[in-house]
Amino acid sequence: MNRFTGAAAPLTAQGIEACAHKLSVQPADIWTVLRVEARGCGYFADRRPVILFERHIFSRRTQGRFDSQAPDISNRKAGGYASGVAEYQRLERAMALDEQAALESASWGMAQVMGFHASDLGYGTADSFVRRMMASEDEQLEALATYIQRNDLAKALRDHDWATFARGYNGAGYEKNQYDQKLAKAWQQLTTHPLPDLNVREGQLRLLFLGFDPGGVDGALGPRTTTALNRFQSQHHLPTTPTFDPATLEALRLQQALLQRSEAPPETQALAPRPPAPVVIAPVTPSVPVPVTRVTLAPAESVRLEVSATVVQEESPLPAQLSEQLRQRLTQPLDKIVQDELARLLVLRGKAARELGPSALETIDLGLSALLVEQPNLSFVRGIRQRLASALADQLYPLRPLPLLRSSSPAIQVVLGLALLLLVANATSAFAYKVLSSEQTLLFGLPLRTLLLVGLCGAIGSAVSMLTRLGDFEKLRGASRTSMVMLGFFKPVVGMYSAIFCFALMKSGLLPLQAATPEAELYLYMAVCFLVGFSERLAQDLFARAEESFSSTAGKARPVPTSPPPAG
């Protein structure tokens, strides 16, 4: 491992959803940009972020000081690319001359965002930006979303104005490379075919890290991916399956967790099966000597125990440098918000260590580092804390409904508001009907149960109206989550009060609606009140008609002024 090898976590559905929500676009729009404007994968096989070192940028950021000394890595003209992992050799040579300028002169990750954008995108320094790019492809996608947002390209992406987007993203030369046409074609394909399978993509990336070439990281299960998958399953004594089943994905994650603690290159670790390993099992008691038992395990059992030992070692101590930084920072006054985030991260670190493994610890440690600098990056820290807390809860409580509660879909948010109203109204209505009312209970001279019935009809009409128009709410993407939930909660309440008011108008005679028979009167009230809740236009028409009727009645009832008698 070297300084550029990090957790290298694969892209997740949460990462795609967060990016789509941030830009108010659809997942297919995000995949379109990834397919055309980004590299298919954010990491090389050695788990270092994909980079491209730009010598002309390095020359510009160092004022040409090294142009004559090293023209292949510092030059006014672009070029000299070595491609692939060999780009790191160029980067390291440049770092020996000027580390900060070198990091700023490379493009990083699947989105190939330049390091010199670090400050503008909110990462502080290029070094902090690079560490984030090392953590996960979700972080790399977040950098892409922030870049699109800061350069005012979100609207063009949302409107599928590919020419404007391509010009803003690639510059004036986009037409020469036909980027707008490539984007349009990719979007058309992605909206008419299934999106890439993230489970397959995760499996492909982890196979790549472990030395099993899947033939690309694209989320499509092709023959080379299947061959690599079956080789891995055979080597690790797993059932051979045609796709990445949960057991295989978990084994891949465990193997990568072992790899992250190793200094050996991935290909040497993965090519040969592990020999049976002796494992020492002994309770630790300082005051009482305990005999040590040596047990030889089968390969699969050895792997499981080694992973457990790795996680146990990682879950308690902080890295020495981070621990010292935290100790020094705590001697200084801290903002209350920073204190709260520190406490939450440290608690989460202890809980996540055993369940989520070393990659989660590295991400949390990255968040701690972001809090301990002079200008803490609170938005980044909150983001990783919420994401890891959600992943931990998913691991502990797989049937929990929170993924639904976190949905960015306006339609789902409206339904959640409606469900919240049902929870509140169900108990309230039942209590009012059984306890507070009887057949003889009156309110303003009207039977209370009748008022409850017509109000309920109006609320149901409003709820049915919303459920039949859920597709229309998707046009409101980007609206406040709270406003959409409140819409689902209060719309039936408005329908209920409108229905009660309409019932009062009918009883008063201002709305001259009469049933054919006295027995059908209640059914007429129920039907009209349901329609009032269902159709806002019908409610407005009825209320307007009542207003006209009231104006006409009031005009007829107005007394005619009389002339005073003449003075005698």
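The values are calculated or read from the model by the stated rules, or taken from the named source; none is laboratory data. All figures in this text were calculated on a predicted structure; none of them were measured in a lab. Here the Cβ positions follow ideal geometry from the backbone for every residue, glycine too, while neighbour counts run over all protein chains shown. These area figures cover heavy atoms from the full protein model, side chains too; ligands, DNA and RNA do not enter into them. Shrake-Rupley method; radii C 1.70, N 1.55, O 1.52, S 1.80 Å.
Brief remarks follow.
- Residue in region 395-403 that is part of a helix (DSSP H, G or I), modelled with pLDDT of 70 or more and in contact with a helix residue (DSSP H, G or I) (Cβ under 7 Å, 6 or more places away or on another chain) present: no
- Residue match in region 88-102 (condition: modelled with pLDDT under 95, on the phi > 0 side of the Ramachandran plot and either open to solvent by less than 30 Å² (accessible area, probe 1.4 Å) or of a type in the set (Gly, Ala, Ser) (or both)): no
- The criterion of being under 25 Å from Ala13 (Cβ atoms), in contact (Cβ under 8 Å) with a residue 60 or more places away in the chain and of a type in the set (Phe, Trp, Tyr) holds for Tyr123.
- Screening Thr240 against (1) assigned to a loop (DSSP other than H, G, I, E, B); (2) out of contact with any Gly (no Cβ under 7 Å at 6 or more places or on another chain); (3) crowded, with 16+ Cβ neighbours inside 10 Å leaves a single unmet condition, (3).
- Residue satisfying condition, being open to solvent by 60 Å² or more (accessible area, probe 1.4 Å), on the phi < 0 side of the Ramachandran plot and at pLDDT 50 or above, within set Ala247, Ala320: Ala320
- Here Ala9 does not fit the description of being without any contact (Cβ under 8 Å) to a residue 60 or more places away in the chain, within 30 Å of Ser379 (Cα to Cα) and of a type in the set (A, V, I, L, M, F, W, C).
- The number of residues in region 128-155 being assigned to a helix (DSSP H, G or I), of a type outside the set (Phe, Trp, Tyr) and over 17 Å from Trp31 (Cβ atoms) comes to 12.
- Qualifying residue in region 382-389 (condition: open to solvent by 40 Å² or more (accessible area, probe 1.4 Å) and among the aliphatic types (A, V, I, L, M)): yes
- Among residues of region 150-169 that are without any contact (Cβ under 8 Å) to a residue 60 or more places away in the chain and among the polar types (S, T, N, Q), those with a beta-carbon under 7 Å from a residue that is open to solvent by less than 30 Å² (accessible area, probe 1.4 Å) and in a helix (DSSP H, G or I) at least six positions away or on a different chain give the pairs Thr164/Ala156.
- Cβ-Cβ under 7 Å pairs, at least 6 apart or on other chains, region 73-98 side part of a loop (DSSP other than H, G, I, E, B), far side of a type in the set (Phe, Trp, Tyr): Ile73/Phe58; Ser74/Phe58; Ser74/Phe66
- Residues of region 152-178 classified as under 24 Å from the mean Cα position of the chain (by Cα) and modelled with pLDDT of 90 or more, total: 10
- Where helices (runs of 4 or more DSSP H) sit wholly within region 459-537, those with at least 1 residues that are among the β-branched types (Val, Ile, Thr), open to solvent by 60 Å² or more (accessible area, probe 1.4 Å) and modelled with pLDDT of 85 or more occupy 481-508.
- Boolean, Tyr174 is open to solvent by less than 20 Å² (accessible area, probe 1.4 Å) and without any contact (Cβ under 8 Å) to a residue 12 or more places away in the chain: yes
- Evaluation of Asp120 against the conditions (1) open to solvent by 40 Å² or more (accessible area, probe 1.4 Å); (2) in a loop (DSSP other than H, G, I, E, B); (3) under 19 Å from Gly40 (Cα atoms) shows that the sole unmet condition is (3).
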